[in-house]
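S.K.: Below is one structure. I have some questions about it.
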There are 2 protein chains.
Amino acid sequence: MSARVISIGEAARQTGVKVPTIRFYEQIGLLPSPPRSDGNRRQFDEKDLSRLSFIRHARELGFEVGDIRELLALSEAPQSSCHEADSIAWRHLREVEARIAKLQALRGELQRMVDECGHGKVCECQVIQVLTDHARCRNETH
Amino acid sequence: MSARVISIGEAARQTGVKVPTIRFYEQIGLLPSPPRSDGNRRQFDEKDLSRLSFIRHARELGFEVGDIRELLALSEAPQSSCHEADSIAWRHLREVEARIAKLQALRGELQRMVDECGHGKVCECQVIQVLTDHARCRNETH
DNA sequence: TTACTTCCTCTAGCGACTATAGGAGCAAGC
DNA sequence: GCTTGCTCCTATAGTCGCTAGAGGAAGTAA
């Protein structure tokens, strides 16, 4: 119950967010500035740890800082509608699906590259060919 | 056969690489500096278009500039072994597969978030719940 | 006291662009 | 020739999300 004081190094260890990154999050206002000790050291508490963990997880999931800011604000106003949080997550889901599709196409192409490249002793290396040809025939598709 | 002169704007339109980005690529030595007109305008040719398309495609596929530099160098010394290009492609293939796996996990999680969002209040919203809970239970795993 | 670690601030750097300012060139219409 | 409007030029600074380094102060253990 008492406010256990947590140093920045402790916080880093417990949340997996690096020390300079914690300071950076404070600087950009993602994490509130904690009180300081007599010696000017940051004094975090459990709530800060939660917030940091939340931020870290959201970042890992690919949310950008703007999104996280919104999500944090929402989570601090728990009686408000979750429509916004939902739409942030939806938007993100669509982005992730697009990225997966693109990467799968890429994987196919890379696979083809290494397959073709590996077999020719005359080294008709297709790596560059594949990329160039593909590039040209796709000029107007995107 | 004659060297058709292509302006930077034309090049941008044809390759889908933005004008400032083309200049940037020239600056970092990814694209050779083209000759200039009397009025100091860049004069690109077909070969530059290929190169730009190649670069764009490779960037879309997630190659970083260093890789592209290597691949371009290899493509310009075609008698050299394709072993290097092959290993670049291999390295990248593994990376891409890892990325796909990560994104698929992420998609599942996001999907769950939005599925479970009851469209009620934030206090019941899974988007925030998932982020918070997950964050806490994963503190030490990474 | 000494040594060691952790912490502080501040500044600069990364990659891969993107934006802005302030001009100069060029082609078409009058 | 002149004006309008577009494209182009350079140079510099900003973006995002950190990360690294310098140079120093504070806390801790022997």
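S.K.: Over the Cα atoms of region B:8-80, how large are the radius of gyration and the largest Cα-Cα distance (Dmax), in Å?
M.R.: 12.4, 40
S.K.: State, to one decimal in nm, how far the label point of A:Asp115 lies from the label point of B:Lys18, with both points 7 Å from Cα in the Cβ direction.
M.R.: Placing both labels 7 Å along Cα→Cβ, they lie 3.7 nm apart.
S.K.: Here's a follow-up. Take peptides A:7-18, A:38-49, B:30-41 and line them up by average Cβ neighbours within 10 Å, highest first, as a rough protection proxy. Let's see the in-between values first.
M.R.: On the way: A:7-18: 17.2, A:38-49: 14.1, B:30-41: 11.9.
Per-residue Cβ counts within 10 Å, averaged per peptide and sorted highest first, yield A:7-18, A:38-49, B:30-41.
S.K.: If you don't mind, there's one more thing I want to ask. Can you give the net charge of the other residues whose Cβ lies under 14 Å from the Cβ of B:Arg91, counting K and R as +1 and D and E as -1? Don't jump to the answer; show the numbers that get you there.
M.R.: Values: positive: A:Arg107, B:Arg94, B:Arg99; negative: B:Glu64, B:Asp67, B:Glu70, B:Glu84, B:Asp86, B:Glu95, B:Glu97.
Net charge around B:Arg91: -4.
S.K.: Once you list every other residue whose beta carbon is under 11 Å from the beta carbon of A:Ile6, what net charge do they have if Lys and Arg are +1 and Asp and Glu are -1? Don't skip to the end; give the middle numbers.
M.R.: Details: positive: A:Arg4, A:Arg13, A:Arg41, A:Arg42, A:Lys47; negative: A:Glu10, A:Asp45, A:Glu46, A:Asp48.
Around A:Ile6, the charge tally is +1.
S.K.: Quick one: label points 7 angstrom along Cα→Cβ at B:Glu46, distances to the other copies in nm, smallest first?
M.R.: Listed shortest first, these distances are 7.2 nm.
S.K.: Still on this structure, please answer the following. Around B:Tyr25, with a cut-off of 11 angstrom between Cβ atoms, what is the net charge of the other residues, counting Lys and Arg +1 and Asp and Glu -1? Show your work: numbers first, answer last.
M.R.: Numbers: positive: B:Lys18, B:Arg23, B:Arg51, B:Arg56, B:Arg59, B:Arg69; negative: B:Glu26, B:Asp48.
Net charge around B:Tyr25: +4.
None of the figures in this text is laboratory data; all of them are computed from the coordinates on show. Values in this document were obtained by computation on a predicted structure and should not be read as measured data. Quick reminder, even Gly has a Cβ in these numbers, built from the backbone with ideal geometry, and neighbours come from all protein chains shown.
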